[in-house]
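Everything below concerns the one structure shown next.
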């Protein structure tokens, strides 16, 4: 029961790098204009909201992969 | 560069020697005061002194204060204060059993000095996350939230893996040296030097904590190590690398939380994730309501001795350490 743990660690590592890429691709170019003095606050709030949603999605996917890899052991 | 090399050698020696010499004295003091706990995995149920946090803290403080005296860096001060506050949180939990939510909230408070020092001394932390292959993402407001979350996460993650003789200190030795190497790879030499005491303190403590343990770190020891690791990750701008090096412990916490579905202490569990065979080996429990943990998965196929399980966790830590170092090399590569 060691190989699946190494597989899971490797998948999590790839997911961290891929998640970072997704965050970079979506958030980095994002700029909000047209709200005067509120531009910066809105920009930060929207970026924070997107980042939190992406993290929730990341945890959900990682959790599904965990159930799939450790299915037998968790059932037992 | 030569003076930095000398400083690195001196503080590493101070960290190692302080813990190496102080821990036996602490063991005797704790035994005299009857501050001992039962080692449930040991044949015959031996009692072991706890907590070893004071000697761990002494090693960290002695070495980091010398480093601060040499370089007067606000980042080193942030590491010192956060680590000390996390130690106090752990000590409070060692002395009195506190609720499951106390530690995360109190550890979040321990992170505040990093934010405050960042206001008065810009550069203590950067308001961006560095990702391998892609680059930096600037998230000023979200980064403050990340600092507040990071210390409770690293602190509790190390605390949650402190379930077998030598595992927390051995795991921390591997993860922190991987972090130090990574900091050198990303050319953050000052914080790389500041991170050296964490590895040497963990290594010196491992001598007494390894199977059969002569002392347990307790919450004060585990939270001190975990919080210092988190503080280094923040001031060293290597949050992602730090998370990768900690993956086996992160998986342990993730498995535990997703099976119990709330934040609780191990002592509040109705049934343990592992049981003992007649020859005192560890085997996976068959209880439906027992949490899923890393140790339970390791012994799922066959019962193993405590020492074997510990070495399996160290192999997983070495694998994650290698991934963390690869990640550090990938920081300079952009696609």
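Of the residues contained in region B:216-224, one or more are found to be more than 14 Å from every other protein chain (Cβ to nearest Cβ) and touching a strand residue (DSSP E or B) at 6+ places or on another chain (Cβ under 8 Å). Among the residues of region B:19-58, those identified as free of Cβ contacts under 8 Å to residues at least 60 places away in the same chain and assigned to a helix (DSSP H, G or I) are B:21, B:22, B:25, B:28, B:29, B:31, B:32, B:58.
Just one of (1) in contact with a strand residue (DSSP E or B) (Cβ under 8 Å, 6 or more places away or on another chain); (2) at pLDDT 90 or above fails for residue B:323. It is (1). Of everything listed in (1) modelled with pLDDT of 95 or more; (2) within 14 Å of another protein chain (Cβ to nearest Cβ); (3) not in a helix (DSSP H, G or I), the single unmet condition for residue B:291 is (1).
Selection of region A:37-51 for residues being more than 8 Å from chain B (Cβ to nearest Cβ) and either surrounded by 12 or more Cβ atoms within 10 Å (Cβ to Cβ) or under 19 Å from residue A:4 (Cα atoms) (or both) yields A:39, A:40, A:41, A:42, A:43, A:46, A:50.
If only residues of region A:1-36 that are farther than 17 Å from residue B:142 by Cα and in contact with a strand residue (DSSP E or B) (Cβ under 7 Å, 6 or more places away or on another chain) are counted, the one that is surrounded by the most Cβ atoms within 10 Å (Cβ to Cβ) is A:17. Residue count for region B:216-236, restricted to those that are assigned to a loop (DSSP other than H, G, I, E, B) and farther than 13 Å from residue B:163 by Cα: 1.
Scanning region A:15-32 for residues that are more than 8 Å from chain B (Cβ to nearest Cβ), farther than 25 Å from residue B:295 by Cβ and within 16 Å of the chain's Cα centre (by Cα) yields A:18, A:19, A:22, A:26.
Yes or no: residue B:271 at positive phi and over 14 Å from the mean Cα position of the chain (by Cα)? Considered against the rule, which asks whether it is at positive phi and over 14 Å from the mean Cα position of the chain (by Cα), residue B:271 comes out as no. Scanning region B:136-158 for residues that are over 10 Å from residue B:227 (Cβ atoms) and away from chain A (no Cβ under 13 Å) yields B:147, B:148, B:157.
Against the test of being modelled with pLDDT of 90 or more, buried (at least 22 other Cβ atoms within 10 Å of the Cβ) and part of a loop (DSSP other than H, G, I, E, B), the options B:159, B:165 yield a single qualifying residue, B:165.
The values are calculated or read from the model by the stated rules, or taken from the named source; none is laboratory data. Note that the structure is a prediction, hence the values are computed from the model and not measured. With ideal geometry, Cβ positions are generated from the backbone for all residues, glycine too; neighbour counts draw on all protein chains shown.
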